[in-house]
Amino acid sequence: MTITAHLSRSALAEVVSLRPFRRLWLVFGLSSLGDWLGLLATSSFASTQLSSPKAQGAAFGGVIVVQLLPWLVLGPLTGVLADRFDRRHIMVSVDVARFALFASIPAMASLTGDHAVAVGWAAIASFTAQVGAMLWAPAKEAAVPNLLPVRRLETANQLTIITTYGVTPVLAALVFAGAFRLPVIGGDGAAAAALYFNALTFLACAGVVGFGVREISGRGRPSGRGEGAREAITAGVGYVSRTPLLRGLVVGLLGSFAGAGIVIGAARFYARSLGGGDATFGLLFGALFVGFGLGVLAGPRLVGRLSRRRLFGLSVQLAGLGVVLLAVTPWLTVALPEVMLTGAGAGMAFLYGITLIGAEVPDAVRGRVFSVIQSAARVVLLLAVASAGALAGLTGSWRMVLGPVEGPVDGSRVLYLLAGGCGIAVGVAALRRMDDRPGISPARDVWRAMTRRTGHP
């Protein structure tokens, strides 16, 4: 199945003109805004309940960790539910539950007046809300391919990725910052206002899905309703392991997330090796997401009709190359475009990966496949971030001279060099597993696509 769409004006107009997808996109934007705002507001609300700076820091980080835990322990099971039950009912039920949970966090604090109870309930509500998000996400991802033509699936994924990682994080930050300008009583009033606003976004989502996107219903019901949860999970994992395309995607995506985790985990140490501090770290972090967005928006247009199976492996290799270049770069002015190159490769790999899954995985197992891959990716990302930060801090810093070039070397650069090299190797392995044009040079294909020469799509 060939997927050749890009974010052109005609493709965008066709996708947005489809009323079911347009409404689901609106819902997804509201839900994403709620997720980002919930992460900011809940962690801030918990920290404002305590007076000690040390306790505030522990509460802030603890709530974030609690929100990530469900993805580590319950991931595959949620995909089974997304494949077994009506996806519209799942999404509506989850959004109503998330409305109640986030609204209950500041309400509990007001009712009890006990700071310890407020923090504890914030953690419990956050955990439960994330369990709901785990049900919501695979149901939504599995439903999208049923709402539009396959040739426009890539354009639809571009819209949702840009919404998730570009628009809604900025809006969430603005809403959260604006809440502090409201007339409030007490130190936690702004965070409470943000939590109530967050709860309303989920209630609005439930209304739109329940009454405006009925086309989602009736999808994803496997014939074997008597199949147990364990058998269903095993069937989903088995489908991934038996399918060459998915094996290549898993290798590439997990390798990409591991590399991204290492880059993020060691970024502060890397910023110091460039002679900077927190400001430099902020520039590098921002450049990574700018590159990610550019890769998602411009990548498909640049390569045109080139095989997406090939592009996935090549994009992983591009991201790995960017990390290798970062490891040997002593100047910030050069490191910034290299970070953007890394982000662009990661953005294209993510886009092509989810597009291929949506287009080529049967509807009956699509929810489980998305759930298995998403859960594994989050586990790998968390482990990579934690281990990279610890390993980068164990080593000291020294200077290396290579001819006219002199620069600092520390643990972060060693990690970047290893991560980049592994990323390139993973990209090569993914390309070999997924290649649909064996015997034809990928470099020749890329050149033909970029110069718009006639060739096999």
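Every number in this text was worked out from the coordinates using simple rules, so none of it is lab data. Everything numeric in this text was worked out from a predicted model, so none of it was measured. Ideal geometry is used to build each Cβ from the backbone, glycine not excepted, and the neighbour counts take in all protein chains shown.
Assorted remarks:
- Extension reserve of the Ser387-Val150 stretch, reckoned as 0.36 nm per residue once the Cα distance is removed: 81.4 nm
- Segment Trp447-Leu332, extension gain: residue separation times 0.36 nm, minus the distance between their alpha carbons: 38.4 nm
- Projected label distance in nm at Phe285 and Arg242, using a 7 Å step from Cα toward the beta-carbon: 4.4
- Multiplying the residue separation of Ile124 and Ile440 by 0.36 nm and subtracting their alpha-carbon distance yields 108.3 nm.
- Value of Rg/Rh across the stretch 351-390 [Cα atoms, Kirkwood radius]: 1.16
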